[in-house]
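**Student:** Following this message is one structure expressed as structure tokens.
The values are calculated or read from the model by the stated rules, or taken from the named source; none is laboratory data. Bear in mind the structure is a predicted one, so any value in this text is a computation, not a measurement. All Cβ positions, even for glycine, are placed from backbone atoms using ideal geometry, and neighbour counts span all protein chains on display.
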Amino acid sequence: MTAPIETYTLGYDAYAMRFLVRRSLESHGAFILPFVVPGLEVLDVGCGPGVMTLDLARRIGTGRITGLDMNEAQVRMGVQAAAAGGVSNAQFETGSAYALPFPDASFDLLFSHALLEHLREPQRAMAEFLRVLRPGGVLGVATPDWGGFLFGPPSPALTAAVQAYMGLQQRNGGDVSIGRRLGQIAADAGFEQVRQRARYENYDPLSIIGELLAFQLEDDGQPEHAATLRAWQRTPHGMFSQAWVACTGRKPLR
């Protein structure tokens, strides 16, 4: 089966990279920490520049982690970061979430952060996640859910700008409301002990998120919405709170 062509809406420009490298396992992946013990074989799907991949590598000690991303430049960044940090139990590969380049039952834990919301066929990717896990292996995925975002001060122009970005991601094949469906997607793939929880990330300063969204909308030919976001991000009493949904589960023992 041919994998669909995917578009990563955030892109790979300097704004996106500054946005992504802010994330750490403690700040964005803490939900998986109760399952992380030394000696595990771990796969990080959609690893990006590898920040959380390397955080996991340091926690699993004698175990090994593989970071996988569809973008070769991101993989190179992960390799360079591992070398610079002296992390020897991490490797990085280029590949698709729809056809993971690993045999069945290869990993004890599969981690995927901020990937599924960009995919045209998340259920297909989830089936691959199940395939490469060993019986009893742990799944840990997280995505935003734009239906739970809070931003202000409210205005018709700001609402329209945020909706314009949501529309851009949807046109690119993503699903901005996938967070609330993660549990069902995992259960439909065959995972057991599925649990979902939500949390908020608060952006301060607002320019962290405002400039990122504005740049993508401007690049898409929507300068009026970009201008709205740039004006809003200078509001001293503004807020942007992003809803994240984390989902864990286990592959059945048989």
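**Student:** Output the residue which, of all residues in the range 231-251 that are in a loop (DSSP other than H, G, I, E, B), of a type outside the set (S, T, N, Q) and touching a helix residue (DSSP H, G or I) at 6+ places or on another chain (Cβ under 9 Å), is nearest to E117 (Cα to Cα). Explain how you work it out, then say what you get.
**Tutor:** Step one: list which residues in the range 231-251 are in a loop (DSSP other than H, G, I, E, B), which gives 233-238, 251.
Narrowing further to those that are of a type outside the set (S, T, N, Q): 234, 236-238, 251.
Cutting the leftovers down to touching a helix residue (DSSP H, G or I) at 6+ places or on another chain (Cβ under 9 Å) gives us 234, 238, 251.
Values: R234: 28, G238: 26, K251: 22 Å.
So the residue we want is K251.
**Student:** Still on this structure, I have one more. Filter the range 213-223 down to the residues that are without any contact (Cβ under 8 Å) to a residue 24 or more places away in the chain and over 19 Å from M17 (Cα atoms) and list them by number.
**Tutor:** Of everything in the range 213-223, those that are without any contact (Cβ under 8 Å) to a residue 24 or more places away in the chain and over 19 Å from M17 (Cα atoms) turn out to be G221, P223.
**Student:** From the residues in the range 81-94 that are surrounded by fewer than 16 Cβ atoms within 10 Å (Cβ to Cβ) and touching a residue at least 24 places away in the same chain (Cβ under 8 Å), which one is farthest from R58 (Cα to Cα)? Write out each step before concluding.
**Tutor:** Going through the range 81-94, the residues surrounded by fewer than 16 Cβ atoms within 10 Å (Cβ to Cβ) turn out to be 83-86, 88, 94.
With the extra rule that they be touching a residue at least 24 places away in the same chain (Cβ under 8 Å), the set shrinks to 85, 94.
Working: G85: 10, T94: 22 Å.
Out of the qualifying residues, it is T94.
**Student:** OK, next. Within the range 150-227, considering only helices (runs of 4 or more DSSP H) that don't extend past its boundaries, which have at least 3 residues that are farther than 16 Å from S241 by Cα and of a type in the set (K, R)? Before you say what the answer is, go through the steps one by one.
**Tutor:** Values: elements: 156-171, 182-189, 207-219.
In the range 150-227, there are no helices (runs of 4 or more DSSP H) which contain 3 or more residues that are farther than 16 Å from S241 by Cα and of a type in the set (K, R).
**Student:** Going residue by residue through the range 115-133, is there one that turns out to be in contact (Cβ under 8 Å) with a residue 24 or more places away in the chain, under 17 Å from the mean Cα position of the chain (by Cα), in a loop (DSSP other than H, G, I, E, B) and crowded, with 18+ Cβ neighbours inside 10 Å?
**Tutor:** Within the range 115-133, the subset in contact (Cβ under 8 Å) with a residue 24 or more places away in the chain is 115-133.
Filter again for under 17 Å from the mean Cα position of the chain (by Cα), leaving 115-126, 128-129.
Narrowing the set further to residues that are in a loop (DSSP other than H, G, I, E, B) leaves 115, 119-121.
Filter once more, keeping what is crowded, with 18+ Cβ neighbours inside 10 Å: 115, 119.
Yes, that holds for at least one residue.
**Student:** In addition: Taking E93 and the conditions (1) out of contact with any Cys (no Cβ under 9 Å at 6 or more places or on another chain); (2) of a type outside the set (A, V, I, L, M, F, W, C); (3) farther than 14 Å from V42 by Cβ, which numbered condition does it fall short on, given that it satisfies the others?
**Tutor:** For E93, the failing item is (3).
**Student:** Something else now. Can you pull out every residue in the range 205-254 that is under 30 Å from E192 (Cα atoms) and among the aliphatic types (A, V, I, L, M)? Outline the logic, then answer.
**Tutor:** Pass one, the range 205-254, residues under 30 Å from E192 (Cα atoms): 242-254.
Within the range 205-254, A243, V245, A246, L253 qualify.
**Student:** Scan the range 92-135 residue by residue and report those that are out of contact with any helix residue (DSSP H, G or I) (no Cβ under 8 Å at 6 or more places or on another chain) and either polar (S, T, N, Q) or at pLDDT below 95 (or both).
**Tutor:** Selection gives S96 alone.
**Student:** Look at A214 and say whether it is surrounded by fewer than 19 Cβ atoms within 10 Å (Cβ to Cβ) and not charged (D, E, K, R). Outline the logic, then answer.
**Tutor:** Details: surrounded by fewer than 19 Cβ atoms within 10 Å (Cβ to Cβ): no; not charged (D, E, K, R): yes.
No; evaluated as a whole, the condition is false for this residue.
**Student:** While we're on this one: Can you tell me which residues in the range 36-58 are crowded, with 17+ Cβ neighbours inside 10 Å and in a helix (DSSP H, G or I)?
**Tutor:** V51, M52, T53, L54, D55, L56, A57 - these are the residues of the range 36-58 that are crowded, with 17+ Cβ neighbours inside 10 Å and in a helix (DSSP H, G or I).
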